[in-house]
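> The following block contains the structure, expressed as structure tokens.
The values are calculated or read from the model by the stated rules, or taken from the named source; none is laboratory data. Small disclaimer: the values here were computed from a predicted structure and weren't measured. Cβ sites come from the backbone with ideal geometry, for glycine too, and all protein chains shown count toward neighbours. In case anyone asks, the SASA skips ligands and DNA or RNA and just uses the protein heavy atoms, side chains included. Shrake-Rupley method; radii C 1.70, N 1.55, O 1.52, S 1.80 Å.
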Amino acid sequence: MLKRYEEALATFGITSGFVEDQVEAIYQHLSAQYNPEIFKFLSPEYCDMSDKKHQLTMAYFLLCEPFSHYIVTQNSIMIKKEQMIEEISRMIHDYRKRNHEVDKNFIVELVELLVSFKGLHQYVKDVEFRRYSKSSMAGYAQSGTLTVFEQELKNIVIPEMLELEEARDYLYYQTTYIVGHEIEHAAQQKQGKESSKDVYSFLWRGCTDFIQKDEASFSRIAALPTPIFEIANALLEFSTKKQHKKYQKNWSYCPIERAAEIHENNLALTLIEQAQNRKFLYNLENLFCNNIMAYLFYGYDKPLGPTDFYLSRFKQYGDCLQLMELAKSLTLEKRLLLGLQVSNEELESAKINKEKILSGVRKLC
């Protein structure tokens with residue numbers, strides 16, 4: 001380890017010396033490349049000399065196990081949906097034409113297009129790439145950081161039903177769906193904060209109460225280098241294990257997750273419908289279409305529907321009663337999108353008229 005550290009120092013032109021001198025040199029080097037705020041824990045005034053050894057340990061990891069960090073363009077101009085679809089389609093076509101795998105540039109450009117379309121410049125401020133995660137391929141923190149786990153994306157399993165050309169394209173559309181899902185959570189956050197009366201904002205607040213408390217802690221460790229972050233995050237997860245275990249167990253019933261799944265499967269489906277090689281993507285088109293249908297009808301084995309079940313699991317009984325009142329004025333398509341209560345007759349009718357229901361839900365996305 002020491003040899004690797006000394007080699008890293010030499011690579012960046014940093015001469016070995018006193019601990020504080022090394023830390024200061026590393027801080028200056030990294031601050032010249034990235035936002036200095038990210039590395040303020042290395043700055044000379046951040047802590048006294050007794051902590052320098054700890055600082056040096058983190059500095060070592062930054063040099064030997066680096067991570068990538070991108071600032072999302074703070075351009076407040078919003079684009080129309082048609083323009084967003086056209087630009088993402090163009091990007092996918094360009095990557096396909098060059099037989100190029102999904103990379104960081106693809107993801108950063110995708111994020112900027114989605115942020116511009118949804119007006120999320122105050123909610124998605126940067127994209128961070130890390131190597132591994134035990135449970136997810138990407139994540140959104142309400143502090144404004146979208147984290148993408150590179151190794152997990154590379155390990156995406158391609159469904160056996162897909163033809164050769166579809167299998168290659170699947171990675172483009174699946175990545176778009178995965179990243180889009182997290183961006184949709186930012187859109188939900190925006191709606192939850194900017195509106196206090198509609199059902200979407202009500203659901204967002206009801207579903208994210210404990211998450212917001214955890215993220216206050218998460219935001220304090222998010223900028224740490226990958227190995228240190230993973231240790232700190234493991235400790236944080238342990239401290240909130242009971243709530244998170246309950247959340248993971250009931251994740252599929254959560255209305256904001258349900259809505260994000262339907263929205264972003266629809267985005268992938270729309271892109272496929274616009275693709276120049278659509279005629280070769282029949283199975284892929286069916287895959288995302290079937291995903292939407294599966295989510296629409298999921299959870300209705302519960303007496304009052306999946307959302308009521310989810311909220312009651314977290315003892316949000318008052319929210320359940322208010323939702324029952326709010327749901328009365330919503331269309332069947334909107335209630336299915338959000339997992340709200342529908343009658344047995346409505347559910348059976350929806351299953352018979354799947355294409356009509358699918359069309360109506362897609363117009364809401």
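> With a Förster radius of 25 Å, plug the Cβ-Cβ distance of LEU171 and LYS81 into 1/(1 + (r/R0)^6) and report the FRET value to the nearest 0.05.
With a Förster radius of 25 Å, E is 0.60.
> Check which residues have an amide H placed less than 5 Å from ALA138's amide H, if you skip close sequence neighbours.
Result for ALA138 returns PHE149.
> Starting at the first residue of region 295-300, write each ³J(HN,Hα) from the Karplus equation 6.51 cos²θ - 1.76 cosθ + 1.60 with θ = phi - 60°, in whole Hz, x for Gly and Pro.
5, 4, 9, 6, x, 7
> I'd like the FRET efficiency for LYS97 and LYS245, computed as 1/(1 + (r/R0)^6) with the beta carbon distance as r and R0 of 30 Å, rounded to 0.05. Don't skip to the end; give the middle numbers.
Details: r = 45 Å, r/R0 = 1.52.
That pair, LYS97 with LYS245, gives E of 0.10.
> Additional query: Can you order the peptides 117-130, 83-96 by their average number of other Cβ atoms within 10 Å per residue, highest first?
Per-residue mean Cβ counts within 10 Å order the peptides as 117-130, 83-96.
> Continuing with the same structure: What order, most packed first, do the peptides 149-162, 334-347 have when packing is the mean number of other Cβ atoms within 10 Å of each residue?
On the way: 149-162: 13.5, 334-347: 18.4.
Top to bottom by mean Cβ count within 10 Å: 334-347, 149-162.
> Now for a separate question. For the cross-link pairs LYS97/LYS279; LYS118/LYS193; LYS334/LYS354; LYS97/LYS118; LYS328/LYS363; LYS249/LYS356, which exceed 23 Å when the distance is taken from alpha carbon to alpha carbon?
Among LYS97/LYS279; LYS118/LYS193; LYS334/LYS354; LYS97/LYS118; LYS328/LYS363; LYS249/LYS356, the Cα-Cα distance tops 23 Å for LYS97/LYS118; LYS249/LYS356.
> Multiply the residue separation of GLN122 and LYS328 by 0.36 nm, subtract the distance between their alpha-carbon atoms, and state the gained length in nm to one decimal.
Difference between extended and current length: 70.8 nm.
> Express the accessible area of region 257-362 per residue in Å², computed with a 1.4 Å probe while the remaining protein chains stay in the model.
Details: 5150 Å² over 106 residues.
The answer is 49 Å² per residue.
> Then there is this: Could you state the orientation-averaged shadow area of the convex hull built on the Cα atoms of region 133-175, in nm² to one decimal? Let's see the in-between values first.
On the way: hull surface 14.6 nm².
Mean orientational projected area (region 133-175, Cα hull): 3.7 nm².
> Right, another one. Hey, quick one: spin label on GLU273, modelled 7 Å out along Cα-Cβ, who in region 336-360 has an amide N within reach, i.e. under 13 Å?
Only 355-360 pass the distance filter.
> How would you rank 281-287, 202-208, 352-358, highest first, on the average number of other Cβ atoms within 10 Å across their residues? Before the final figure, lay out each step's value.
Values: 281-287: 18.0, 202-208: 20.7, 352-358: 13.6.
Taking the mean over residues of other Cβ atoms within 10 Å, the ranking is 202-208, 281-287, 352-358.
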